[in-house]
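Okay, structure first, notes after.
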Amino acid sequence: MSSIKVIGSGKLKGEIKIQGSKNAALPIIAATVLNKGVTILRNCPRILDVFHMINVLKELGCITNWEGSTLIVDTTTITSTKVSESSVQKMRSSILFLGALLGRNQEVSIAYPGGCSIGKRPIDYHLDSIKSMNVSQEFLGEDKSIIYCHTDKVMGSDIFLKFPSVGATQNVILTAVLAEGVTRIFNAAREPEVFELCNFLVSAGARICGKGTAFIEVEGVNRLHDVDYRLSPDRIVAGTYMAAVAAAGGEVILLDAPTRQIESVIRVLDKIGCSIKTTDEYMRISCNRRPLPYDMLKTQPYPGFPTDMQSQLMSVLCLANGKSTIVEEIFESRFQNVNELKKMGAMIAETENKAIVSGVMHLEGAQVIAHDLRAGAALVIAAVAAQGETIIREATSIERGYEDICRDFNSLGANVRYCSNNIL
Ligand code: EPZ
């Protein structure tokens, strides 16, 4: 388990290119199973979560290889429909192979994904929806932790989601693409990553309309074909570096930033004092003042403010000249950074899903722990803006979503290094 050492270095300056989207890559990697052929996935981020999904593909008998940031997947042959418990425990997004393998082979055996530090993360919406598509489900194993789904034929169905769950929407789409008949999803998630999965599938021959809206209709087809697809840049990685400028000050240019997908983040950063200029090629963000407080920041399903940016904004608002309120509406325990930021001198009062952040003039370096990938990235932001040295332990989780957060911050003038625990 590696750690990250940060020496607070003040203002950031420079430019970085935003990596491909993790949360678009993961469902699309699962979706490659629906095609008996070859998929070329360009601008694919080389991150731990992608490596885990590739390992599942290999478990299933597929062949993969990298050419730079291009992932080439050959799913001509599938030799298994079992997704191992270790794979699912390591990577909850493996659950998306449920829909993909049902679509391809009409059967799948997969372990229940565990919860994680941000919440229990059940999959009832996934299972209830897929059951209505003529799919029977059995729960096997001593602790009933293995889900075995099978059917003679997946049938299209009307699906009403209680909540616009990103994963459940994606799993239903994956199940529906090769089904018989039409599947209509009501209250579908509108996140850009759902839009992108539909984009990818349509370019491979699927028939989907309503992508990016709350009503998605999938008309089953007999087969998909090979496709060469380029992933969009990662909106949360872009938002992370924007938040770092808001916290530490300076001026940064983000190349290949998905500006239209982070409108809600741009609005918040603009309101707390950043100046942001966007063009089709790049985004320039600068902040040369102490951040202003933000009255009420609530996380919402897209196009609202994304929960995956909540920790990063909390780091920024710790330095604001006033009081801000953050309400986490999506996950039940996504305030793990509160105690870590307090070790750095932050003043935060937390009740249930609400955090009241009273800004301080500066944060002090400290020893802190990264509880999940976004919380870890948010601690790097706080440490870069802080005075003194910070050690962020259990930093491996950051590598799940960021190709090289140290390289990126150092290219902006920060002092951020990986270091193994035994030299601390
Ligand atoms: C996706 O997770 C993202 N992950 C998450 O990003 C993101 O935070 C989340 O969407 C919300 O935007 C990927 O895309 C790989 P949900 P997902 O189903 O699909 C509850 C990151 O840091 N729920 O929309 O799992 C659930 O517990 C990660 O990149 C059920 O109750 O999110 C949560 O409270 C973190 N039953 C809420 O819905 C279900 O069957 C939203 O979950 C499914 C979900």
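The values are calculated or read from the model by the stated rules, or taken from the named source; none is laboratory data. The shown structure was predicted, so the numbers you read here are calculated from the model rather than taken from an experiment. Counting neighbours? That spans all protein chains shown, and the Cβs are built from the backbone with ideal geometry, glycine included. These accessible areas exclude ligands, DNA and RNA; they are computed on the full protein's heavy atoms, side chains included. Shrake-Rupley method; radii C 1.70, N 1.55, O 1.52, S 1.80 Å.
Quote the Stokes-Einstein diffusion coefficient, in whole µm² s⁻¹, for region 222-277, based on the Kirkwood radius over alpha carbon pairs, a temperature of 10 °C and a viscosity of 1.306 mPa s.
Working: Rh = 13.0 Å.
For the chosen part, D equals 123 µm²/s.
Rounded, prolate or oblate, given the Cα gyration tensor of region 22-230, with a/c below 1.5 counting as rounded? Don't jump to the answer; show the numbers that get you there.
Numbers: a/c = 1.28, a/b = 1.07, b/c = 1.20.
Note, shape of region 22-230 comes out rounded.
Local charge sum around Thr79 (other residues, Cβ-Cβ under 11 Å, Lys/Arg +1, Asp/Glu -1)? It would help to have the intermediate numbers written out before the result.
Working: positive: Lys58, Lys82; negative: Glu59.
After counting each charged neighbour, the total is +1.
Total Lys pairs in region 29-185 closer than 21 Å by alpha-carbon, pairs eight or more apart in sequence or interchain only?
16
Accessible area of the chain with a 1.4 Å probe: how many percent of it is carbon plus sulfur?
Numbers: 8080 of 16360 Å².
About 49 percent, which is the carbon plus sulfur part of the accessible surface.
In nanometres, what is the gap between the two model label sites at Glu281 and Ile356, each 7 Å from Cα along Cα-to-Cβ?
4.9 nm
Within the chain, which is the longest segment containing none of the GluC sites (Glu not before Pro) that sit in a DSSP loop and have at most 10 other Cβ atoms within 10 Å?
On the way: sites that count: Glu142, Glu281, Glu352.
Counting at most 10 other Cβ atoms within 10 Å as exposed, the longest clean stretch of the chain is 1-141.
What accessible area per residue, rounded to a whole number of Å², is obtained for region 110-189 using a probe radius of 1.4 Å?
Values: 3470 Å² over 80 residues.
Per-residue value: 43 Å².
Given the chain, what percent of its DSSP beta bridges are antiparallel, to the nearest 5? Let's see the in-between values first.
Working: 59 of 83 bridges.
Around 70 percent of the beta bridges assigned by DSSP in the chain are antiparallel ones.
Could you give each residue of region 267-273 its phi-based ³J(HN,Hα) in whole Hz, using Karplus coefficients 6.51, -1.76, 1.60 with θ = phi - 60°, and x for Gly or Pro?
Result, rounded to whole Hz: 4, 5, 5, 5, 5, 8, x.
Just add up the charged neighbours of Gln137: K/R +1, D/E -1, any other residue whose Cβ is under 13 Å from the Cβ of Gln137.
With Lys, Arg at +1 and Asp, Glu at -1, the neighbours total -2.
Could you give me the ³J(HN,Hα) list for region 60-76, computed from phi with Karplus coefficients 6.51, -1.76, 1.60 and θ = phi - 60°, whole Hz, x at Gly and Pro?
7, x, 7, 10, 9, 7, 9, 10, x, 9, 9, 9, 10, 10, 10, 10, 4
Where a ≥ b ≥ c are the square roots of the eigenvalues of the C-alpha gyration tensor, would you call the chain rounded, which needs a/c under 1.5, or, failing that, prolate if a/b is larger than b/c, or oblate?
Judged from the Cα gyration tensor, the chain comes out prolate (a/c at least 1.5, a/b above b/c).
Once you list every other residue whose beta carbon is under 13 Å from the beta carbon of Glu251, what net charge do they have if Lys and Arg are +1 and Asp and Glu are -1?
Working: positive: Lys11, Lys13, Lys277, Arg284, Arg289; negative: Glu15.
Charge balance in the 13 Å sphere: +4.
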